[in-house]
Amino acid sequence: MKIDRKLLFGALPDRFILENEPMSRHTTFRTGGPADLLILPQNIGELASVCAVLQNEGVPFRVMGRGSNLLVSDEGIRSAVVKIAYGSIVVNKNTIRADAGVALKDVAGEAARHSLSGLEFAAGIP
């Protein structure tokens, strides 16, 4: 996969761009061979910048959350993977908004703390 790494470095620090990274380190089932490129944006702005660079450069990519219930082939992923490695939970009256990087059990816990029902089933789900 060809990409001008300087374009990505402009979008986020080098330590958040990993080449040939085993996906087994990023899934709850601990399965999966290497992704050509694993990119870990730390906020919504970096996510938008990275996705724009990849799209503009014609680089195929996939976006993942925390990697729960995700099976990756031992052969790996022949594209870039953007892992949402950040997360926040916002409660507004009876509505909860959570980023993809937040564990579902944490969302359920926040709902319980605000006396909101409907997510009790999710307390044990990663």
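The values are calculated or read from the model by the stated rules, or taken from the named source; none is laboratory data. If you're wondering where the values come from, they're calculated on a predicted model, not measured in any experiment. We place every Cβ from the backbone using ideal geometry, glycine too, and count neighbours over all the protein chains shown.
Assorted remarks:
- Only one of the numbered conditions (1) surrounded by 15 or more Cβ atoms within 10 Å (Cβ to Cβ); (2) more than 11 Å from the chain's Cα centre (by Cα); (3) closer than 30 Å to residue 113 by Cα is violated by residue 85, and that is (2).
- Matching strands (runs of 3 or more DSSP E) fully within the stretch 34-126 where at least 1 residues are closer than 16 Å to residue 12 by Cβ: 34-39, 61-64, 77-83
- Annotation: of all residues in the stretch 50-64 being surrounded by fewer than 17 Cβ atoms within 10 Å (Cβ to Cβ) and under 24 Å from residue 102 (Cβ atoms), the one that is modelled with the lowest pLDDT is 52.
- Selection count where residues are surrounded by 15 or more Cβ atoms within 10 Å (Cβ to Cβ) and under 19 Å from residue 64 (Cα atoms), scope the stretch 107-126: 1
- Filter result for residue 42 (more than 23 Å from residue 25 (Cα to Cα) and out of contact with any Ser or Thr (no Cβ under 7 Å at 6 or more places or on another chain)): no
- Residue list for the stretch 93-126, filter: farther than 20 Å from residue 28 by Cβ and either basic (Lys, Arg) or assigned by TED's automatic domain parsing to the domain that holds residue 38 (or both): 93, 97, 113
- Every pair of residues 6+ apart whose Cβ atoms lie under 7 Å, when the first sits in the stretch 13-32 and is more than 11 Å from residue 77 (Cα to Cα) while the second is buried (at least 18 other Cβ atoms within 10 Å of the Cβ) and among the charged types (D, E, K, R): 26/83
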